[in-house]
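Below is one structure; the comments refer to it alone.
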Amino acid sequence: AIIPSEKEFPYSIRVESLITESNGSSSMASVCGGCLALMDAGVPIRRPVAGIAMGMLMGKTLEESVISSDILGSEDALGTMDFKVAGDREGITTFQLDIKCEGLTIDIMQRALGQAREGRIHILNEMEQHLPTSRAELPTTVPRIQSFQIEADLIGKVIGPGGKQIRAIIEDFELTNMNVGEEGLIQMTSMDTEKLKLAQAFVTELLEKSDRRGGGDKKGGGPRAEYKGPPPEEGKTYVAKITGIHQFGVFLEILPGAEDGSSPGLEGLCHISELDTQRIRNCEGFVNSLNVETLEVKYKGKNQKGQLQLSRKAVLEEKRGIKSKDTTKPKPVVEMSKDEVDVIAKAIEGIQDLNEK
């Protein structure tokens, strides 16, 4: 792969190539120009890529045919082959072959690929003279992204009740955006790198303070306090306190912690798909429209990752008398009457008679 992974470069990448005039392969020109554009923009591609179009002029036999490199428009129109090959120094990344003859021999393909490699390496040498590697810094017009990981059960602390905490972080540190993933990956965006560092330091300190209240050491290196109360009962409905709202769901405290603060409450996620019987597009807007601090949710056990599964939808369905669909039970077999069987049999006989005629 040439393009960096999302972890290495968490940006959306779009490359456009505008061809105003062409007397050769515009697609291979786009490969070379697009690669240089990515490198100039600071995208850390693993290796430069170049492309070249190969052609063929038929002889009396295929073996006498002439393979041409970097064909012109006339060579494409009058020739027998248009073989586009793109790649780096290590190999081919993509190719496209159009031919006007009945087929090609292995020898012709070997000659074309070998000649294409020579041309590709020559083009890469020319490109690297002007831009050997991707620029070390992104342009000043590109927002900077800071990514770091926190424990998934601390997401509610970063978001805060009703999203209050995350909105305060965005406003105080003048962030363009801040996103907290379901697995605890935080991505902050800003035009100012220093403010990103300050924002990350604030979040780290915020979580360390939470650890210290829960019995961790001053540097957050000690064990973080865990819920020590009775376990929840599967299938039971709880009146849960809202501790955080995010685009993928609501974090809720279904059981309180110790009164002396020695252990936190038991928190879980009610996914956006489990918030209501109807589809919800905006989680925060929906919860704010309810204007409540608690939600009734049913505890449905733990998932494969050991996380609590909560459902408000199940509570609503229960109150409205809606039974959940059970796909495990086989559907009852409907038996036909003798008259119905006779009608179907006569219809089949009629079709067979028509086929025989």
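The values are calculated or read from the model by the stated rules, or taken from the named source; none is laboratory data. Everything numeric in this text was worked out from a predicted model, so none of it was measured. Positions of Cβ are generated from backbone atoms using ideal geometry, with glycine treated the same way; all protein chains shown enter the neighbour counts.
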Review point. Only one residue in G59, G79 is of a type in the set (G, A, S), more than 19 Å from L97 (Cα to Cα) and over 39 Å from the mean Cα position of the chain (by Cα). Which one?
Key: G59
Check your understanding: Is it the case that some residue within segment 194-205 is in contact with a Phe, Trp or Tyr (Cβ under 8 Å, 6 or more places away or on another chain) and under 30 Å from G79 (Cβ atoms)?
Key -> no
Check your understanding: Can you name the strands (runs of 3 or more DSSP E) wholly within segment 65-119 that have at least 1 residues being of a type in the set (F, W, Y), closer than 27 Å to R47 by Cα and in the same structural domain as I45 (by TED's automatic domain parsing)?
Key -> 81-87, 92-99
Review point. Taking T141 and the conditions (1) polar (S, T, N, Q); (2) in contact (Cβ under 8 Å) with a residue 60 or more places away in the chain; (3) exposed (fewer than 12 other Cβ atoms within 10 Å of the Cβ), which numbered condition does it fall short on, given that it satisfies the others?
Key: (2)
**Study point:** Positions within segment 161-182 being surrounded by fewer than 17 Cβ atoms within 10 Å (Cβ to Cβ) and of a type in the set (A, V, I, L, M), in sequence order
**Key:** A168
Revision key, fill the gap. In segment 37-59, anything crowded, with 18+ Cβ neighbours inside 10 Å and among the charged types (D, E, K, R) is listed as none
Exercise for review: Select from segment 1-34 the residues that are within 20 Å of T133 (Cα to Cα) and touching a Ser or Thr at 6+ places or on another chain (Cβ under 7 Å) and list them in ascending order.
Suggested key: I2, P10, S30, G33, G34
Check your understanding: Quick one: is F9 under 30 Å from N179 (Cβ atoms), surrounded by 12 or more Cβ atoms within 10 Å (Cβ to Cβ) and free of Cβ contacts under 8 Å to residues at least 40 places away in the same chain?
Key -> yes
